1. With the requirement that a residue be within 26 Å of residue B:302 (Cβ to Cβ), of a type in the set (S, T, N, Q) and touching an Asp or Glu at 6+ places or on another chain (Cβ under 9 Å), what does the stretch A:130-152 give you?
2. Take residue B:240 and tell me if it is over 21 Å from residue B:51 (Cβ atoms) and surrounded by 15 or more Cβ atoms within 10 Å (Cβ to Cβ).
3. Considering the stretch B:42-57 alone, what residues qualify as being more than 8 Å from chain A (Cβ to nearest Cβ) and assigned to a helix (DSSP H, G or I)?
4. For residue B:61, are the conditions met, namely being in contact with a strand residue (DSSP E or B) (Cβ under 7 Å, 6 or more places away or on another chain), in contact (Cβ under 8 Å) with a residue 24 or more places away in the chain and more than 18 Å from residue B:421 (Cβ to Cβ)?
5. Looking for whichever is out of contact with any Asp or Glu (no Cβ under 9 Å at 6 or more places or on another chain) and at pLDDT below 95 here; the options are A:45, A:19. Which one fits?
6. Just to be sure, is residue A:340 within 14 Å of chain B (Cβ to nearest Cβ) and modelled with pLDDT under 95?
7. Among the numbered criteria (1) in a helix (DSSP H, G or I); (2) within 9 Å of another protein chain (Cβ to nearest Cβ), which one does residue A:37 miss?
8. Taking the stretch B:459-471 as the search range and keeping residues that are part of a loop (DSSP other than H, G, I, E, B) and under 20 Å from residue B:338 (Cβ atoms), which one is nearest to the other protein chains (Cβ to nearest Cβ)?
Amino acid sequence: MSHAPGAPQQLTRKDFETGLEVRWCPGCGDYAVLSQLQKLLPTLGIARENFAFISGIGCSSRLPYYMATYGMHSIHGRAPAIATGLKLARPDLSVWVVTGDGDALAIGGNHFIHVMRRNVDLKVILFNNRIYGLTKGQYSPTSGFGAVTKTTPLGSIDRPFNPVGLALAAGATFVARSVDVDLEHLGGVLRQAALHKGTAFVEVYQNCVTFNDGEYRPLTDPKVRDENRLLLEHGKPMVFGKGRTKGIRFNGAVPEVVTLGEGGVAEADCAVHDARTPGTGAEYLVAQLEPPAFPVPLGVFRSVEAPTYGGLTDDLARTARERMGRGSLDQLLRGRTTWAIGE
Amino acid sequence: MAAPSETVPDSTSPRARRVEELDRVVIRFAGDSGDGMQLAGDEFSRSVAVAGADFATRPEYPSEIRAPAGTLFGVSGFQIQYSSHEVFTAGDAPDVLVAMNPAALKLNLADVRHGGMVIVNTGAFTEANLAKAGYAANPLTDGSLSHYQAYPVNISELTAQVLKNSGLSKKEIARSKNYFALGLMLWLHQRPLEDEIADIERKFSRAPAIAAANVAALRAGYGFGDTTELFPVVYHVKPAPMRPGTYRTLTGNQAASLGFVAASELSGLPLFLGSYPITPASDILHTLAALKHFAVTTFQAEDEIAGVCSAIGAAFGGALGLTTTSGPGMALKTEAIGLAVMIELPLVIVNVQRGGPSTGLPTRVEQADLLQAVYGRHGESPVPVIAARSPADCFDCALEAVRMAVTYMTPVILLSDGSIANGAEPWRVPAADELAPLPVSFRTDAEGFQPYARDEHLARAWVRPGTPGLEHRVGGLEKDSLTGNLSSDPANHQRMVTLRAAKVAGIAREVPPLVVQGPPSGDLLVVGWGSTYGPIAQAVEDAQAQGLSVSHLHLRHLNPFPADLGEVLARFRSVLVPELNLGQLSRLLRERYLLDVAQLNKVEGRPFTTAEILGRIEELIG
């Protein structure tokens, strides 16, 4: 099973399977994400022993058990904090956080926003099924207003979080969204996240076959999905619909759906997606597009460069050593003022 | 009276005055929390320490940062006892009180020994300040001070005079008056000024005008004592007999910080502190944040939970994981400590205890988190617990906590408290090569590797991620006792719970034999833990001097208890446990040894006085 560090390119997805029986419900969207990850990791040029997967609690957080890397299935909501400590201690590792909508946004909400703002070089994959699965069917912070669940028999009165909007507002440098069953799209987004330097956040719309089945059908059913999703590409106009007949136009900050060719509207009139210019806020407006009035944007919302937390931490250590030299324990123990007591 | 600025000596012997040889002196500085009393006290301690005296200090300050000036709740104090003998505590009743305003006098006068010296800054005794302190009449003139030797000195005005041409604002000038008070006390105790002046120049190197003002105020205070006829005597305390060596002063939080850096240097492991600011633990985070030229990373986390979790993550990566906190933060970290128990990674958690529950008394001392440390987790979740007895002992305890954590692959809780954390004492500085080695090895051999296979300490192997062939998963779910794979097998859970308990219990085997202060058997054994060491040691020494059959045992290891504890307890007719709680160690001792234990408990946010403990000893066997 062992691999020489110099030979990571020979890895295959098999090398990332633990051989343990996977215990998600048959048909769960988590299988697809696991599979895409196992397909992606051998292609990154990183030795298997240099990956670590850290998760919290929930269905998705079981994933590390099925990934033949170093891993920790930790406690509810805390994976970003644990992963931050690991990455700061071990900048040489590729550290991934696997979390869910309850784990990241309810009990772990505080860690989530801070890991986004700090730009720790972690890959954070949020499996969003808009329901608590492991505790059997209570509403989550992303369940829709009015959602009927075990704890909201008359409909939820909570206004849901938009995880992408939250991550963008918290200052994340890479923010993307994909869907579990669109393997090609998911694989592509995960790859871009893996290559990003800094906190990379990927929200994966994931179907809970048992407690919230069909939540994302409008986005996954080939018959209707083109009308309901907007595939974002940096530098390309925001066009969607079967036959690419519709587009998004912004009148100031106010979006509207336009039909190409109608009233003289051309593709050139549609907004061009810009994920790479920092500080425009445009990606935040895109993240606000929600059904029923708008299609759901999928793809990379933001991908910008910024110093990583680990890099800055190293800089501090370097500065300290430049100013004071490598610390000497003897000097430290003696401190500034000492006195001698003789025999 | 000549203007002080013209008559200040550089630092010379005083004019002919009676020099009184003292065995020990207790001094308390008290003033507004903005008056710089902690600084004056610290500096005074350093000065007497350099002269070879033994000492102990007790800062006491309100939880308000700068309460409205002149109010009772804004009073901050600093007490020091220094002596030509071994010093165990900062002393019970002050022999000297320096009161910078009416509120400070009001709160502290009753503690002063009758006949003691009370130096009062008369400049602050305005009608407004008297009213704020709740004085109906001026205590300087109404006979309130008749039991004391009162020395009225207009410190505010004298400081203002000497600095009138300094170009500083009134506010800045007023801030220098603590240096006047310090100068006066240094004169009264026959200490030279040179060290202090050098220290001021270092401390205020970025503000030369302030440095010059503080030096001038210091000299003025010194000169005032020397030139006025106010003080008939000056004091001299001989050096204490101390083990030869190089000494420094340090607080408990500094000592702990140094201990953790030493552990990192000795083991070759980088130190990672994940912490969230909280009184009275923050100084450890401050200290380590300034030591990044060692292999030290500090991470100020978004909350207490992230503090401990980041340390667990670092430990998983092969670093020394450390988190520091106080009671409320400890409560928040509890679940994560349970994770560390389950995944069996080394981790040190420092709880600098304060008065509780909830926000409680954040700046005051209490020892009420012992049961929380030993038992405060869900499930069968054993964690070793040790406690430091004095500021300097925090250094040794930090090293021991790390040693235990890496040897047994377990989280370890180190208990300190507010009085140890902020109190200072002299410390004999060890040379780095005098410290015991702290070898740590990671498993690198993939052959036959099982994540939960155990060594002779029942510890599993520590594996650094990045080691090929040893990829494995840990987690909070119960795992197979060998492979670490998920297991809900009943017999396996029973085995794992028992193994984790046996691993921690096994630490007792390596605890050195207990040392009792005093005869090894007798009428009464006083058993303490943590910061009660000082007053218990002093009280037991005093009781022994009276001929009472009493000894003192101070426990560092609170979970597991040392293997010989039962035997030691059994050699005494009775056992007394003084604690700053309602009886937590006494409960543990009763439960473990089925022993009747007499208690002495206090939860006032203040340490025991020696007299309180001595009184209880006399009550029991006097």
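1. Result: A:140, A:142, A:143.
2. Here the answer is no, as residue B:240 does not meet what is asked.
3. Result: B:42, B:43, B:44, B:45, B:47, B:48.
4. Values: in contact with a strand residue (DSSP E or B) (Cβ under 7 Å, 6 or more places away or on another chain): yes; in contact (Cβ under 8 Å) with a residue 24 or more places away in the chain: yes; more than 18 Å from residue B:421 (Cβ to Cβ): no.
Taking the combined requirement at face value, the residue does not satisfy it.
5. Checking each option against the conditions leaves just A:19.
6. yes
7. Status for residue A:37: all satisfied but (2).
8. Filtering the stretch B:459-471 down to residues part of a loop (DSSP other than H, G, I, E, B) leaves B:459, B:461-471.
Checking the rest, the ones that are also under 20 Å from residue B:338 (Cβ atoms) come to B:459, B:462.
Values: B:459: 18, B:462: 13 Å.
Across the stretch B:459-471, the extreme among qualifying residues is B:462.
The values are calculated or read from the model by the stated rules, or taken from the named source; none is laboratory data. Just so it is clear, the model here is predicted, and its values are computed rather than measured. Methodologically, a virtual Cβ is constructed for each residue, glycine included, from the backbone with ideal geometry; neighbour enumeration extends over all protein chains shown.
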